[in-house]
Amino acid sequence: MQPLTVDTARLQAELDQLATYSSSPAPGVTRVLWSTEDMQARNYVKQLCGEAGLSLREDSLGTLFARWEGSAPELAAVASGSHIDAIPNAGRYDGTVGVLGVIEAIRALQRAGVQPRRSIELIMFTSEEPTRFGLGCLGSRAMAGTLSSEQLLALRDGEGRSLDEVRAAAGYTSDLAHVRLEAGGYSAFVELHIEQGPLLEAAGIPIGVVRAIAAPASLRLTLTGEGGHAGAVLMPQRRDALLAGAEIALAVERAALATGSPDTVATTGVFRVEPGAINSIPSRALLEIDVRDVALEPRNQALAAIESAINAVCKRRGIGWELTTLNADPPAPCASALVGTVEAVCQKLQLPYQVMVSRAYHDSLFMARLCPVTMIFIPCRNGVSHRPDEYAAPDDIGRGVAVLAHTLARLSTGE
Ligand code: HGY
Ligand code: MN
Ligand code: MN
């Protein structure tokens, strides 16, 4: 293979162009599933894939598969990819580095004269973020078979619109049953992603190699009190849904701190109150709670503590409650052989690296049910992500793409 060069300037320009497809002003990026901006962004990625000579197909949820045909198409392909949807007022690197970075890795391999044996396929997953339908990794869950067509059809967005209605409006109408992939279709999946944490930057290490991906769980809690006039109802008569929610949000924090595992994290990321008038006692509260750990046992311990706190607080305050578990997924161990391949590439490129866990979840969590996976992390400034000031330096992105390109070459040609 001739020396491989990554065109970081071109890639940065493409990341900046992709960031313009947003419903919020720069530097923030908001790109919600099947929104106008999402469709524009999808078309832009398809254009770049077409220019790189990749053959395209989309599944009925809109996950994009862009393939560089290998000389042995009968062999299972090597895959890499991530997502381009972005939560409200997020940054421009979460997910996108792992999509546009694959296109640049393929272009670099093409420039270096590599002829893949196993095909190399970019996968751009639909709806990695939970923003629209409350559940993350919709595309990869459905591909892995952990989300049935019935469960998909039962999903409703914040305006009560069904997944089927919204996906049809975006042009995706074929049978959802075809999204499910059989294991064995890919020989490996490697995802390039910003770390979304501070460890690599703090250690001055340019590459992370992921050995396990955290076990995410998310809860939706509806609290129903009595409401009433803020002036007329005396304190002892009140059943205030917000105050119950406030106590529960603090209990969520305590539950994470009490497991004894430093990796347990819990967040009440959504807390809505009705009717939301200064002179009306809150009658309803909606909380959405995110609980994770890289190990299942402490994560489940925190979930149990949260549910018992909900029960106790609502009993004492006379509040009705309804708790829905939106997801409670096991962690995914990465394939040690694949981790070893990425380590060997880093050694060949004389890049310091650190084997680590991913505290964020990713589509790799579900691809792990279909084939061996690992992830390549690059540093992000101050570990910040899911914020407009999310930033990854072009040189760091370039190094990540170089490691990815060499890894894909090895996995595809065996060299
Ligand atoms: O929330 C996550 O871990 C991912 O960024 N969706
Ligand atoms: Mn994210
Ligand atoms: Mn992401």
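What follows is calculated from the coordinates using simple rules that are stated; it is not laboratory data. This one's a predicted model, so the numbers in the text were calculated from it and none came from an experiment. So basically every Cβ, Gly included, is an ideal-geometry build from the backbone, and we count neighbours across all protein chains shown.
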Q) Counting pairs of alpha carbon atoms under 8 Å apart in space and at least six apart in sequence, what relative contact order in percent does the stretch 94-172 give? A) 17
**Q.** For Gln354, residues with placed amide H under 5 Å, excluding near neighbours
**A.** Ile207, Gly208, Val209
Q.
Semi-axes of the equivalent ellipsoid for the stretch 222-270, please: Cα gyration tensor eigenvalues, times 5, square-rooted, ordered largest first, whole Å.
A. 31, 10, 7
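Using only alpha carbon pairs under 8 Å that are at least six residues apart, calculate the relative contact order of the stretch 217-328 and give it in whole percent.
Numbers: 222 pairs, mean separation 47.7, N = 112.
This gives 43 percent for the stretch 217-328.
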Q | FRET efficiency for Leu250 and Asp389, using Cβ-Cβ distance with R0 set to 30 Å, rounded to 0.05 | A | 0.60
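Test of understanding: what is the full-extension gain from Glu297 to Glu322, defined as 0.36 nm times their sequence separation minus their Cα-Cα distance?
On the way: separation 25, 0.36 × 25 = 9.00 nm, distance 2.41 nm.
Going from the current span to full extension adds 6.6 nm.
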Q.
Could you tell me the center-to-center distance, by alpha carbons, between the stretch 225-287 and the stretch 58-112 in angstrom?
A. 42
Q: Considering the convex hull of the alpha carbon atoms of the stretch 217-328, report its projected area averaged over all viewing directions, in nm², one decimal.
A: 6.6
Q: Using 0.36 nm per residue of separation minus the Cα-Cα distance, give me the extension gain between Val355 and Gln47 in nm, one decimal.
A: 107.4 nm
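Can you list, largest first and rounded to whole Å, the semi-axes you get for the stretch 46-205 by taking the square root of 5 times each eigenvalue of its Cα gyration tensor? Don't skip to the answer; put the middle values down first.
Details: eigenvalues 150, 94, 40 Å².
Taking √(5λ) for each Cα gyration eigenvalue gives 27, 22, 14 Å.
Taking only Cα atoms of the chain, what ratio of Rg to Rh do you get with Rh as the Kirkwood inverse-distance radius?
Numbers: Rg = 22.5 Å, Rh = 22.3 Å.
My calculation of the ratio gives 1.01.
Which order results if Arg141, Arg10 are arranged by neighbouring Cβ count within 10 Å, fewest first? Write out the running numbers ahead of the final one.
Working: Arg141 25, Arg10 13.
Taking fewest neighbouring Cβ atoms as first place, the list is Arg10, Arg141.
Taking only the Cα atoms of the stretch 327-415, how large is their convex hull per residue, in Å³?
Numbers: hull volume 10.3 nm³, N = 89.
In the stretch 327-415, the Cα hull volume divided by residue count equals 116 Å³.
Arranged by the count of other C-beta atoms within 10 angstrom, fewest first, what order do Ser174, Ser283 take? Kindly include the intermediate steps, with their values, before the conclusion.
Details: Ser174 12, Ser283 18.
The fewest-first ordering by Cβ neighbours comes to Ser174, Ser283.
Which length gain, in nm to one decimal place, applies between Ala203 and Ser162 when the Cα-Cα distance is subtracted from 0.36 nm times their residue separation? Don't skip to the answer; put the middle values down first.
Numbers: separation 41, 0.36 × 41 = 14.76 nm, distance 4.54 nm.
Length difference between fully extended and current span is 10.2 nm.
Counting other C-beta atoms within 10 Å, which of Met375, Met235, Met1 has the fewest, and how do the rest follow? Walk me through the numbers on the way to the answer.
Details: Met375 29, Met235 6, Met1 14.
Fewest-to-most ranking of Met375, Met235, Met1: Met235, Met1, Met375.
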**Q.** Within a Gaussian network of the chain (alpha carbon springs, distance under 10 Å), most fluctuating of Ser187, Ser127, Ser80
**A.** Ser187
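Can you tell me, using C-alpha contacts under 8 Å and at least 6 residues apart, the relative contact order of the chain as a whole percent?
Values: 949 pairs, mean separation 96.9, N = 415.
In percent, rounded to a whole number, it is 23.
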Q. What nm distance separates the two modelled labels at Gln17 and Gln40, each placed 7 Å from Cα along Cα→Cβ?
A. 1.4
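For the chain, what is the mean residue ellipticity at 222 nm derived from helices alone (per DSSP H run of n ≥ 4: -39500 (n - 2.57); sum divided by total residues; nearest 500 deg cm²/dmol)?
Working: 12 runs with 144 residues, N = 415.
When only DSSP H runs of four or more count, the value is -11000 deg cm²/dmol.
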